[in-house]
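Asker: So that we are looking at the same thing, I have put the structure below in structure tokens.
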Amino acid sequence: MLKREQKSFQLLFLVLSNACVLLSLCSLVSPSRPPLTHRPPPTFNLLTSSDATALLAFKSKADPSNHLHFSSASHFCHWEGVKCVGQKVVRLVLQSLDLGGVFAQDTLSLLDQLRVLSLQNNSLTGLIPNLSGLINLKSLFLDGNYFTGPFPPSISFLHRLRTLDFSHNNLSGPIPTWLSKQDRFYYLRLDWNRFNGTIPPLNQSALRTFDVSGNNLSGAIPVTPTLLHFGPSSFAFNPGLCGEIIGKECNPKEPFFGPTVSVVNAPPPTVAELGQSAHVHGVDNLISQPYKKKQNRTAVIIGFSSGVFLLIGSLACFLMAVKKQRNSKKKDLSTPVMALDTVVTAEAAAEMQIEQEKELEEKVKRVQVMQVAKSGNLMFCAGEKQLYTLDQLMTASAELLGRGSIGTTYKAVLDNRLIVSVKRLDASKMAAGTNKEAFERHMESVGGLRHPNLVPLRAYFQAKEERLLVYDYQPNGSLFSLIHGSKSSRAKPLHWTSCLKIAEDIAQGLSYIHQAWRLVHGNLKASNVLLGPDFEACITDYCLSILADPSNSHENPDSTAFRAPETRNSNHQPSPKSDVYAFGILLLELLTGKPPSQHPFLEPNDIVNWVRSIREDDGGEDNRMSMLLEVATVCSSISPEQRPTMWQVLKMLQELKEIVLMEDIDQLDPGSGRS
């Protein structure tokens, strides 16, 4: 037995020895070949990943101009816009890359671990493909493209989806009712498409952002606790919508513009009466000069239209009184001679007054005829329906809102309870070469601007030197009032998240003006940013600087601080880069709560320390605030060449917003797998 085991051991030793010899010979034949354990994995293994295949398939159809840099020379997890956990793509952000192809079927939908997908602000066309394979998707941004077709039904299978943005596309058809069952929605934007039909009864308690404006929706807006949180701006520019939320009856019993109802008690002044132009004995301008009455309150003034009716009524009453006196005289023959003389004298004075009032009435009628002949028509912009007449506008009760560098603004309440804002341009501050034709051409361009963050110009009017602009009325005042308020009501700056939201709103509006229309605001400042029904920031007084005479500008120090250095010489017109400078100053005002005249002249690093010293309470958000401050600093660079474009500024703010949004989502839903 022992001999057999020894023989087996000897045989095994011989085999092992031969194997060692063979290995040594192999190493001699190829001495430069590294050991097997140190060889790099072959490149083709990376590209055979299903995620890499999906990314390449998407690029082949979506990027015909080859703007997207996906290269086999590097690992796909290091490609542009790609973020992985392990070997799986969890985040794909391909924004503003001018992708001009289609979002092909069975490409990105194969990324089964994807959490965030953003293709916003490209030029993708065609239908949105079936996305039901993205079972872990939480945020989907396809806004700012040219997608067509219906709302993609595959969205109903994405049960983890919380953020959805299809805005600014060409999608059509109804908004599906099953959206109301997607109870995890946090952010839903479908604005500026071609959706029609009714709005589903959305009632998700988590919904914080919602917008369906700029579509062809109709019918009553469902009154649900969730939809009641959103103001009229979320439903604007849908002429067929009605209901309690937007304050429009679905079945009105009377026309929207009914007959004028006379007010017995002392009415507020009218738009016509608040202006300063016309005189009774010869009118060259449209708006009548107000009569002055010494009172503690603002004088109550009677305009031409009301004046004529009051004059006729006064004459009638006076004639009746005189007639009554005559009748009583005939009946009472025993009146003393002295009393008779008094009556006769009173009658003579009355007849003289009647003649004077008749003459005045004729003059008033002549003035009105002159006004009608000179007034022309109220011109409505961008295909707007004529919802009111010039006469209704001029007889509306008015309230002074403020005086600006180019004119005076009033709040006007029309007889149908419609409220508008009327800006009366000051002829003495207008550029000399602004004739009627040039003014109309410019107003047609400005009146064509339509964006959620611009106060829309609805109509304009001019007669000789009289020029009026009619805007939507914004109910929540100006950004200037929100920032500064009173010393007792606002002791510290706005929270940085409010600053970010307001900044993005303003950047959206400015970027639209610059890119879509190649125009310039020219006078951006806190008082020219108004707050809409939902406290969204809306820019006003845009594109009017070209009409102003620069030699007549006498601005206060705060207004001067918004002007870029290169435009402080009256010979230099505002430009998009000067708007960017003003935006940077405005952002600093937002962050500090200090008016621009109190901003010190500091280096960028010193500005950061200065702002931090003011915002001591935001220590926990210091990093986020610093990123926002960097945007303000680069925008307010002295050199125009060093400033970004407004589009680039918007992208910076949106990236910061996305970081914040994803962090907030992770706090609400920990363990989401986001990298």
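Asker: If I take every Cα pair under 8 Å that is 6 or more residues apart in region 44-246, average their sequence separation and divide by the length, what percent do I get for the relative contact order?
Answerer: Relative contact order here is 12 percent.
Asker: Roughly speaking, what is the stretch gain from Gln642 to Trp178, that is 0.36 nm per residue apart minus the C-alpha to C-alpha distance, in nm to one decimal?
Answerer: Details: separation 464, 0.36 × 464 = 167.04 nm, distance 4.90 nm.
That works out to 162.1 nm of additional length.
Asker: Based only on other Cβ atoms within 10 Å, what is the fewest-to-most ordering of Val89, Val455, Val634?
Answerer: Numbers: Val89 29, Val455 22, Val634 17.
The order, fewest Cβ neighbours first, is Val634, Val455, Val89.
Asker: What FRET efficiency comes out for Lys61 versus Phe157 if R0 is 25 angstrom and r is the Cβ-Cβ distance? Round to the nearest 0.05.
Answerer: Result of the calculation: an efficiency of 0.65.
Asker: Please report Cys635, Cys242, Cys250 as a ranked list, fewest other C-beta atoms within 10 angstrom at the top and most at the bottom. Let's see the in-between values first.
Answerer: On the way: Cys635 26, Cys242 19, Cys250 12.
Sorted ascending by nearby Cβ count, the order is Cys250, Cys242, Cys635.
Asker: Also: How would Trp178, Trp496, Trp647 line up from fewest to most surrounding beta-carbon atoms within 10 angstrom?
Answerer: Ascending number of Cβ neighbours within 10 Å: Trp178, Trp647, Trp496.
Asker: Less than 13 Å from a label point 7 Å out along the Cα-to-Cβ axis of Asp98: which backbone N atoms in region 104-142 qualify, by residue?
Answerer: Under 13 Å, as judged by backbone N against the label point of Asp98, lie 122-123 of region 104-142.
Asker: While we're looking at this one, here's another question. Pop a pseudo-label 7 angstrom from the Cα along the beta-carbon direction at both Thr497 and Gln515 and give the gap in nm to one decimal.
Answerer: The modelled label-to-label distance comes out at 2.7 nm.
Asker: In nm, what is the difference between 0.36 nm times the number of residues separating His75 and Gln573 and their Cα-Cα distance?
Answerer: 174.3 nm
Asker: What does the charge count near Phe380 come to, summing +1 for each Lys or Arg and -1 for each Asp or Glu among other residues with Cβ under 12 Å from its Cβ?
Answerer: With Lys, Arg at +1 and Asp, Glu at -1, the neighbours total 0.
Asker: With a cut-off of 16 Å, note down the residues of region 424-452 whose backbone N falls inside the zone around a label point 7 Å from the Cα of Glu465 toward its beta carbon.
Answerer: Correct set: 424-436.
Asker: Here's something else I'd like to know. Which pairs, out of Lys594/Lys651; Lys248/Lys525; Lys61/Lys138; Lys501/Lys594; Lys138/Lys651, put more than 28 Å between their alpha-carbon atoms?
Answerer: Lys248/Lys525
Asker: Related question: According to the square roots a ≥ b ≥ c of the eigenvalues of the Cα gyration tensor, what is the shape class of region 44-246, taking rounded for a/c under 1.5, prolate for a/b larger than b/c otherwise, and oblate for the remainder?
Answerer: Details: a/c = 2.70, a/b = 1.96, b/c = 1.38.
It comes out prolate by the Cα gyration axes.
Asker: Next question. What is the local net charge at Val82, summed over the other residues whose Cβ is closer than 12 Å to its Cβ (Lys, Arg +1; Asp, Glu -1)?
Answerer: Values: positive: Lys59, Lys83, Lys88, Arg91; negative: Asp51, Glu80.
My count for the surroundings of Val82 gives +2.
Taken together, the values in this text are just the output of simple stated rules run on the coordinates, not laboratory data. Please read these numbers as outputs of a predicted model, since none were measured by experiment. Neighbour counts run over all protein chains shown; Cβ positions are idealised from the backbone, glycine included.
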